[in-house]
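Peer 1: Have a look at the structure that comes next, please.
The values are calculated or read from the model by the stated rules, or taken from the named source; none is laboratory data. The structure displayed is predicted, hence computed values, not measured ones. Cβ: placed from backbone, ideal geometry, glycine included. Neighbour counts: every protein chain shown.
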Amino acid sequence: MMITDLKENKQIKWKCLKGDPEWIDTTFSFNLEKSDSDTILRFCHGNWREATDFYASCNYHWGYYLGSLKKYCEDGKGNPFINKKKSE
């Protein structure tokens, strides 16, 4: 990832330079907004070339992990990914 914009305590933007071929040249933005006594995180993973099955999977997983991060920040109990290897 390359940082393309940074505004302290407000925003960070990245551009994917290496990784999965479908991620190359996609962009990520994390924006923080104050709302009364809360902070709202607005996230976007954009600039996809097409809506593929991998795009749909990434969309689901970003939602899952950002929801887990929210839960962890609020009550200390997130839902981390657990790699369960199948026994042979």
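Peer 1: For residues that are over 13 Å from the mean Cα position of the chain (by Cα) and β-branched (Val, Ile, Thr), scanning just segment 6-60, find the one that is surrounded by the most Cβ atoms within 10 Å (Cβ to Cβ).
Peer 2: 24
Peer 1: I've got another one for you. Only residues in segment 30-45 that are under 28 Å from residue 17 (Cα atoms) and at pLDDT 95 or above count as the first member; pair them with residues that are of a type outside the set (D, E, K, R) and not in a strand (DSSP E or B), Cβ under 8 angstrom, at least 6 apart or cross-chain, and list the lot.
Peer 2: 32/9; 43/62; 43/66; 45/26; 45/58; 45/59; 45/62
Peer 1: Six or more apart or on different chains, Cβ under 7 Å: which pairs go from a residue in segment 2-19 that's modelled with pLDDT under 95 to one that's surrounded by 10 or more Cβ atoms within 10 Å (Cβ to Cβ) and in a strand (DSSP E or B)? Could you list them?
Peer 2: Within 7 Å, the pairs are 9/32.
Peer 1: When segment 41-72 is examined, which residues are found to be of a type in the set (A, V, I, L, M) and under 17 Å from residue 13 (Cβ atoms)?
Peer 2: Those that are of a type in the set (A, V, I, L, M) and under 17 Å from residue 13 (Cβ atoms): 41, 66.
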